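Here the structure comes first, spelled out in structure tokens, and everything after it is commentary.
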Amino acid sequence: MPLPISDRWRRGQVKNVADVKLGKMLQSDDTGDDVQADYMRAANVQPDGALRLQPKQMWFKPSELEGLSLKRGDVVVVEGGVGGFGRAAYLPNDLDGWGFQNSINRIRPTAATDGRFLAYYLIALRASGFIERYCNIVSMPHLTAEKLAALPVPVPDRSDQCAIADFLDRETARIDTLIAEQQLFVGLLRERRQAVIDSTVSVVKAEPVQLRRVIELVTSGSRGWGDYYSDAGVRFLRIGNLPRTDLAIRGEVQLVDLPPDVTEGERTRLVVGDVLFSITAYLGSVAVVDDAWEGGYVSQHVALCRLDPLRANSRFVGWVMLTTDGQDQLRQGAAGGTKQQLGLDDIRELRVPLPLLDEQHRIVAFLDEQTSKIDTLIAETKVFIELSRERRTALITAAVTGQIDVRNEVA
């Protein structure tokens with residue numbers, strides 16, 4: 001067996017306890033006597049066993065639709081796709097008039113089998129990594145109908161299956177509710193964080209001025225850096241290193257090693273305090289260079305802005321650009337309208353309030369402290385969510401393999 005199961009239970013294969021059927025290849029045109037109908041597809045089946053039904057339609061022959069029905073008690077399993085194959089979900093209700101695409105295998109259990117138990121077992125099996133190994137991935141992975149039918153499964157008595165499924169329905173619902181509440185809390189914390197930034201900057205009395213008034217240098221990287229990628233050298237900042245909600249450079253570090261005769265990079269050599277803007281994608285991303293990145297280089301997708309330190313605190317400017325107004329400027333362009341990219345003149349024309357330097361320093365210290373506290377809460381909540389998901393998976397695995405006896409747990 002893929003997972004160790006209770007000695008009390010029999011062993012079998014999916015084909016011993018259910019019928020397995022692959023769906024129909026996507027058909028976009030009517031061949032004459034076809035009918036349009038909603039269909040189940042891989043995107044509807046979530047990793048946690050939930051179904052998200054967002055109806056789409058395709059053509060079926062009436063006879064095909066009858067054979068590809070989806071009824072209460074069925075289990076749908078994703079047949080193929082990187083990251084998706086093997087996902088399983090139970091159908092708690094009939095889906096009248098629906099069919100299913102060939103990205104889905106339908107399992108229709110026998111009368112002696114509870115589809116919920118099968119779905120939970122498949123969820124545990126996928127979480128264990130067995131499905132990936134079982135499919136023997138070479139290129140595009142597939143859990144074919146034949147492989148699914150031959151999959152080993154435990155076969156407890158139906159009464160035990162129902163007790164396990166009832167227990168897991170109850171306990172996973174509790175965990176899912178807890179996760180949803182914590183996700184809502186994360187959203188509220190993010191709103192609070194943005195409100196702190198907006199409200200703090202909004203009380204600045206200074207009139208906004210164009211950034212060009214305090215810029216010493218504004219430029220962007222050159223092309224062709226891929227030729228110099230190396231396992232040793234200096235840091236090379238790509239657009240993916242720019243954060244979305246704070247000013248700290250993040251992500252994987254790529255190194256470059258420039259030959260002595262290549263001098264183009266010197267123009268974009270990073271200095272502590274430089275403000276960086278995304279200019280070709282993820283408009284609104286801003287970062288400020290810290291000690292770890294000093295001396296690195298930037299790609300052509302990033303604008304480097306060096307400010308006069310006697311007039312502007314670079315982190316203050318960064319925080320201003322992370323306000324709702326600052327984000328609007330970056331996403332729409334300083335002159336208005338909708339742009340897919342920013343030019344260096346757009347950076348020069350960004351408008352920021354510039355109070356006295358002492359006030360800028362105070363605001364930076366306050367926002368650094370307050371956002372750090374909120375970020376810590378968000379991180380801790382995310383850890384709690386992840387632990388809850390792990391507990392959910394562990395509970396399912398323990399129940400469907402008989403590691404815990406839940407027959408007396410269900411009222």
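Read-outs throughout are calculated quantities, based only on the coordinates presented, and are distinct from any laboratory measurement. Keep in mind the model is a prediction, meaning the values are calculated, not measured. Backbone-built Cβ (ideal geometry, glycine too); neighbour counts: all protein chains shown.
How many percent of all Cα-Cα pairs in the chain sit more than 42 Å apart? Roughly 40 percent, once rounded to a whole number. For the stretch 258-271, backbone phi angles converted through the Karplus equation (6.51, -1.76, 1.60; θ = phi - 60°) give residue-by-residue couplings of 8, x, x, 8, 9, 10, 4, x, 4, 5, 10, 6, 7, 10 Hz, Gly and Pro being listed as x.
Evaluated over the Cα positions of the stretch 243-388, the convex hull gives a direction-averaged projected area, one quarter of its surface, of 10.8 nm². Normalised by 2.2 N^0.38 Å, where N is the number of residues, the C-alpha radius of gyration of the stretch 167-276 stands at 1.70. Summary: within the chain, the longest segment free of GluC sites (Glu not before Pro) located in DSSP loops with at most 16 other C-beta atoms within 10 Å is 1-251. Could you compute the net charge surrounding VAL20? Neighbours are other residues with a C-beta less than 10 Å from the C-beta of VAL20; K and R count +1, D and E count -1. Once positives and negatives cancel, what remains is +3.
GNM on the chain, alpha-carbon springs under 10 angstrom: the most fluctuating residue among ASP33, ASP114, ASP325 is ASP33. Couplings for the stretch 26-36, taken from phi via the Karplus curve 6.51 cos²θ - 1.76 cosθ + 1.60 with θ = phi - 60°, read 4, 10, 9, 10, 6, 9, x, 10, 7, 10, 8 Hz in order; Gly and Pro are left as x. Using Cα pairs closer than 8 Å and at least 6 residues apart in sequence, work out the relative contact order for the chain, in percent. Over the chain, the number comes to 17 percent. Evaluated with a Cβ-only charge set (Lys, Arg +1; Asp, Glu -1), the stretch 206-354 carries a dipole of roughly 420 debye about its Cα centre, given to the nearest 20.
Computed over the stretch 10-155, the percent of Cα pairs more than 26 Å apart is 21. For the cross-link pairs LYS21/LYS61; LYS24/LYS71; LYS56/LYS382, the ones whose C-alpha atoms lie over 22 Å apart are LYS56/LYS382.
Once every DSSP H run of n ≥ 4 in the chain is given -39500 (n - 2.57) and the sum is divided by its residues, what mean residue ellipticity at 222 nm do you get, rounded to the nearest 500 deg cm²/dmol? Could you put the intermediate results ahead of the total?
Numbers: 10 runs with 144 residues, N = 411.
Calculated mean residue ellipticity at 222 nm is -11500 deg cm²/dmol.
Comparing mean-square fluctuations of PRO353, PRO154, PRO62 from a GNM of the chain with C-alpha springs under 10 Å, the top value falls on PRO62.
As a length-normalised measure over Cα pairs under 8 Å and 6 or more apart, the relative contact order of the stretch 206-354 settles at 34 percent. Between PHE100 and LYS24, MET40, the built amide H atoms are under 5 Å apart, and every one of these is 5 or more places off in sequence or on another chain. Mean-square fluctuations from a GNM of the chain, with a 10 angstrom spring cutoff on Cα atoms, peak among THR371, THR144, THR263 at THR263.
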